[in-house]
1. Quick test of your reading of the structure: GLU204 fulfils all but one of (1) touching a strand residue (DSSP E or B) at 6+ places or on another chain (Cβ under 9 Å); (2) open to solvent by 40 Å² or more (accessible area, probe 1.4 Å); (3) charged (D, E, K, R); (4) touching a residue at least 60 places away in the same chain (Cβ under 8 Å). Name the failing condition by number.
2. Just checking: which of the helices (runs of 4 or more DSSP H) contained wholly in segment 304-389 hold 2 or more residues that are modelled with pLDDT of 95 or more, closer than 24 Å to VAL145 by Cα and not hydroxyl-bearing (Ser, Thr, Tyr)?
3. TYR211 fails exactly one of the following numbered conditions: (1) surrounded by fewer than 15 Cβ atoms within 10 Å (Cβ to Cβ); (2) hydroxyl-bearing (Ser, Thr, Tyr); (3) touching a Gly at 6+ places or on another chain (Cβ under 6 Å). What is the number of that condition?
4. Can you name every one of the strands (runs of 3 or more DSSP E) wholly within segment 93-193 that holds 3 or more residues which are open to solvent by less than 20 Å² (accessible area, probe 1.4 Å) and within 16 Å of VAL380 (Cα to Cα)?
5. Quick one: count up the residues across segment 4-28 that are open to solvent by 30 Å² or more (accessible area, probe 1.4 Å) and touching a Ser or Thr at 6+ places or on another chain (Cβ under 9 Å).
6. Within segment 311-336, can you find the residues that are in contact (Cβ under 8 Å) with a residue 40 or more places away in the chain and of a type in the set (D, E, K, R)?
7. Can you name the residue in segment 31-83 that is of a type in the set (Val, Ile, Thr) and modelled with pLDDT of 90 or more and is also nearest to ARG109 (Cα to Cα) among such residues?
8. Of the conditions (1) within 22 Å of TYR356 (Cα to Cα); (2) open to solvent by less than 40 Å² (accessible area, probe 1.4 Å); (3) over 23 Å from the mean Cα position of the chain (by Cα), GLY224 satisfies every one except a single condition; which number is it?
Amino acid sequence: MNDRPLKIAVIAGEVSGDLLGADLIAGLKRIRPGSIELVGVGGEGLQSQGLKSLFDFSELSIMGITQVLAKLPKLWSLIRQTTAAIIAAKPDILLIIDSPDFTHRVARRVRTALPDLPVVNYVCPSVWAWKEYRAQRMLAYVDHVLAVLPFEPAAMQRLNGPATTYVGHRLIADPALLETRRLRDGRQPGNGTILLLPGSRSSEIKKLLPYFEVAAQELVARNGPMRFILPTVAHKEALVREITAGWTVKPDIVVGAEAKWKAFAEADAAMAASGTVILELALADVPVVSAYKVDWIMRMLTSGIKTWTGALPNLIADYAVVPEYLNDIVRGASLARWMERLSADTYQLKAMKEGYELIWQRMQTERPPGEHAAQILLDVLANKKPGHF
C-alpha cells in the first residue's frame with residue numbers, strides 16, 4: 001500500500017449530507033489503516049473528521065424558486081470556486097453527497113478536467129420521482145451511487161443509471177430513534193396525545209398550521225380534552241409561537257432534537273408535513289398521516305412527477321401504508337378523523353403497524369451504513385486506480 005495519505009475531495013451541501021459524510025469518513029478510518037486528507041465543502045460533522053471547508057456551507061441552503069433566482073450569481077461563483085479547488089488538489093477520489101443542484105454541477109466540471117478521477121455519489125437523486133433522464137446522464141460523471149433507500153438500486157438499473165448499492169439509512173442506527181422504538185414497544189394507544197409536525201421551512205409551517213389548528217379543534221370538540229405537542233427547531237420557534245398564539249386549543253411547543261424524540265415516545269399519533277419526518281415516524285413506530293401544500297409555481301414544476309406517492313414509507317413498502325393529503329385535498333376535519341382511528345385499537349392502526357414492520361425489515365443492512373459506504377468507496381478507488389494500494 002502507498003504510504004501517502006488518501007486524499008478525498010468531499011462536497012456536502014446540507015446538514016444531513018454533512019452528517020452522512022462524517023459517518024462515512026469515520027467508518028473509513030475504522031476499516032482502513034493510514035492517514036486521510038480531506039478537501040472540499042462541509043459542516044461541523046466533516047470538519048470534525050479533518051476537513052477545512054472552502055466556505056461556510058450554509059450558503060448553499062437555499063429553499064424556494066425565488067431564493068434560487070436571487071442567489072444564482074453567488075451559487076455559480078461557489079461552483080467555480082469549488083471546482084477549481086478540487087482540480088488543484090488532485091484528489092484520489094471525489095465524494096459528492098446529496099444537494100445535486102450544486103454537487104453534480106461541480107462533479108461534471110471536475111470530471112472534464114480530471115477524466116480518470118473516480119466519483120462516488122452518496123444519496124441517490126430522486127430520479128425515480130421526476131426527471132428520469134438524469135439517471136442516464138449521471139453515467140458521464142458518476143462511477144457509483146450509494147443509496148439510502150432500499151428501492152433505489154432497482155430504480156437506477158431500470159433507468160440505465162450508474163451502478164447503485166443500498167448501504168442503509170442513518171436512521172436505522174440512530175440511538176435516539178432506537179431508544180424511542182424501545183420505549184414504544186408494547187405501548188397501548190389511547191392517552192390522547194397528538195403530534196403536530198408542520199415542517200422546518202417557514203413556507204411549510206405557514207401553510208399547514210392553519211389546517212392543524214382546525215384538526216385540533218375538531219378533535220377536542222369530538223373527544224374532549226386532548227394534549228397536542230408541536231416539536232420545532234430553534235430558528236422557527238418564534239414563527240410557530242406567533243402563528244399559534246391565537247389558537248383556542250393550545251399546543252405544547254417543544255424545541256430541539258431531544259424534546260422531539262421524547263414527544264415521539266409519548267404520542268398516540270401524528271399529523272406531519274410530507275418529508276423525511278414521515279420516515280422517522282414510521283421507523284419510530286408512531287402512526288402518522290402526511291399532509292403537504294405547495295404554491296402555484298411548485299405545482300407547475302411538480303406536474304412532471306412520476307412517482308405514485310410522496311411518502312417514503314409507502315415507496316419502501318410498495319403500497320400505501322401512510323395516508324396522504326396534498327394541496328386542495330388537505331382538510332383539518334379529515335386529519336382529525338384519522339387521528340381518532342390511529343389513536344385507538346382499530347383495523348387502521350393494525351394495518352399501519354404491519355406496514356411499519358415491513359419497512360423496518362426492508363431497511364436493515366448487515367453492516368453499519370458508514371462502514372458499508374466506506375468499503376464501496378475503497379472498492380471504486382481500487383477498480384479505477386488499481387495501483388493505489
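1. It is condition (2) that GLU204 fails.
2. Result: 312-317, 347-362, 369-384.
3. Among (1) surrounded by fewer than 15 Cβ atoms within 10 Å (Cβ to Cβ); (2) hydroxyl-bearing (Ser, Thr, Tyr); (3) touching a Gly at 6+ places or on another chain (Cβ under 6 Å), the lone unmet condition for TYR211 is (1).
4. Result: 93-97, 119-122, 144-147.
5. Selection size over segment 4-28: 5.
6. Answer for segment 311-336, where residues must be in contact (Cβ under 8 Å) with a residue 40 or more places away in the chain and of a type in the set (D, E, K, R): ASP318, GLU324, ARG331.
7. Of everything passing the filter in segment 31-83, THR83 is nearest to ARG109 (Cα to Cα).
8. (1)
The values are calculated or read from the model by the stated rules, or taken from the named source; none is laboratory data. As the structure is a prediction and not an experimental result, all values here were calculated from the model. Heads up, the Cβs are rebuilt from the backbone with ideal geometry, glycines too, and the neighbour counts pull from every protein chain shown. We work out accessible area using only protein heavy atoms, side chains counted, and drop any ligands, DNA or RNA first. Shrake-Rupley method; radii C 1.70, N 1.55, O 1.52, S 1.80 Å.
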